[in-house]
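Peer 1: Following this message is one structure expressed as structure tokens.
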Amino acid sequence: MIMIKLVGGAKKSFLTDEIKIDKSDITIQELLDLLLNLKPTNTPNLDVENILIAINGVDSSAMDGKNTEIKNNDVVSIIPIIHGGSSKRLFFNISNKLIQVVEIKGKDDLTVTFVDNLRKKFPSVKLQAVSSNFVLNRYHLQKIISLSVYSEKNDILLSNKFEMDILMRFAISSQISTAINSAGMKPKQNFMLIALGNRKILDKLYNEIEIISIPLFSKDHTSFLKKYYKITDKQLDTVISKNPLEDILIEKAAILL
């Protein structure tokens, strides 16, 4: 028997928040195939490419991804990642947390003080700046932030601050100083400003920074990330995935504890 807990939009797909399945020793992929067959025809689709899946509280990215085997009496949580927004502003929702991401063009005078001042001006918003070099694309971005959201929910953050957990996972480092020196914002370098808060405050924040924002993911950082983390084409070829580099980075970020 497997217990499936459905969160957010996943509940709308199945008209319930829990499903019991009389099976065990199946993979996550097999479970997803089964769920898609069980889903009522008149309910919203479940986007299996934009979900966070945890088994007994552990993110499947830290195990074998969709090849992870589910045992008898395991509890599987399915959490959709909902996204939207313009090319210069990305919104998505994870576990009822609204996240806004804006990419900002680096300048000489844009230092950590800039973010500190924004934190003072918008105290109810959680803010973190991450060097754009360390963010591959939307899929990578959302999955890493999902890891931090889930870690906070389960009290297993890498540090005592949610914002620092985000930076450490993008840097793939369990050391705060290393994360800051590598993936932290730097003068003249574009960065992603990640913000968590309510829509009204996030709109005010965006109005403040819109003039210095640029289109998201305008530069491909694949070569940089492969070289920085010494990921070879041979390694990528062994990963059965539509997003092999992203999934390797996400797996590395998930097993830092």
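Peer 1: Pairs of Cα atoms under 8 Å, at least six residues apart: use those to get the relative contact order of the chain, whole percent.
Peer 2: Contact order relative to length: 21 percent.
Peer 1: Additional query: At a 10 Å Cβ-Cβ cut-off, how would you order E103, E30, fewest neighbours first?
Peer 2: The most exposed by this proxy come first: E30, E103.
Peer 1: Please work out the C-alpha center-to-center distance from the range 214-254 to the range 39-80 and express it in whole Å.
Peer 2: Each part reduced to its Cα centre gives a spacing of 22 Å.
Peer 1: Fully extended, how many nm does the chain gain between D220 and D237 (0.36 nm per residue separation, minus their Cα-Cα distance)?
Peer 2: Between D220 and D237, full extension yields an extra 4.2 nm.
Peer 1: Report the label-to-label distance for K39 and N117 in nanometres (one decimal), using points 7 Å from each Cα along the Cα→Cβ vector.
Peer 2: Those two pseudo-labels are separated by 4.6 nm.
Peer 1: Against the longest principal axis of the chain, how steep is helix 199-209, in degrees 0 to 90 to the nearest 10, with axes from Cα atoms?
Peer 2: 30 degrees
Peer 1: ³J(HN,Hα) across the range 69-78 via Karplus (A = 6.51, B = -1.76, C = 1.60, θ = phi - 60°), whole Hz, x for Gly/Pro?
Peer 2: Here the 3J(HN,Hα) series is 8, 9, 9, 4, 6, 5, 10, 10, 9, 10 Hz.
Peer 1: Once the Cα atoms of the chain are picked out, what are the Rg and Dmax in Å?
Peer 2: 18.7, 60
Peer 1: Past the 18 angstrom mark, what percentage of all C-alpha to C-alpha distances in the range 2-80 do you count?
Peer 2: The share of Cα pairs beyond 18 Å in the range 2-80 comes to 31 percent.
Peer 1: A further question follows. Where in the range 19-37 is the amide nitrogen less than 13 Å from a point lying 7 Å along the Cα-to-Cβ axis of M1?
Peer 2: Within reach of a label on M1, which here means backbone N under 13 Å from a point 7 Å along Cα→Cβ, the range 19-37 contributes 19-24.
Peer 1: With an 8 Å cut-off on Cα pairs and a minimum separation of 6 or more residues, tell me the relative contact order of the range 148-257 in percent.
Peer 2: Rounded, it is 27 percent for the range 148-257.
Peer 1: Once label points are set 7 Å from the Cα along Cα→Cβ at both D108 and E208, what is their separation, rounded to one decimal in nm?
Peer 2: 2.5 nm
Peer 1: Related question: Just want the answer: with Cβ charges of +1 for Lys and Arg and -1 for Asp and Glu, which residue in V130, L36, N73 is farthest toward the dipole's positive end in the chain?
Peer 2: Going by the Cα projections, it comes out as V130.
Peer 1: Please report the spacing between the Cα centers of the range 86-148 and the range 181-213 in Å, no decimals.
Peer 2: Computed from Cα coordinates, the inter-centre distance equals 5 Å.
Peer 1: Using Cα pairs closer than 8 Å and at least 6 residues apart in sequence, work out the relative contact order for the range 135-206, in percent.
Peer 2: 17 percent
Every read-out reported here was derived from the displayed coordinates using simple, explicitly stated rules and does not represent laboratory data. Keep in mind the model is a prediction, meaning the values are calculated, not measured. A quick note on method: Cβ atoms are made from the backbone with ideal geometry, for glycine too, and the neighbour counts reach across all protein chains shown.
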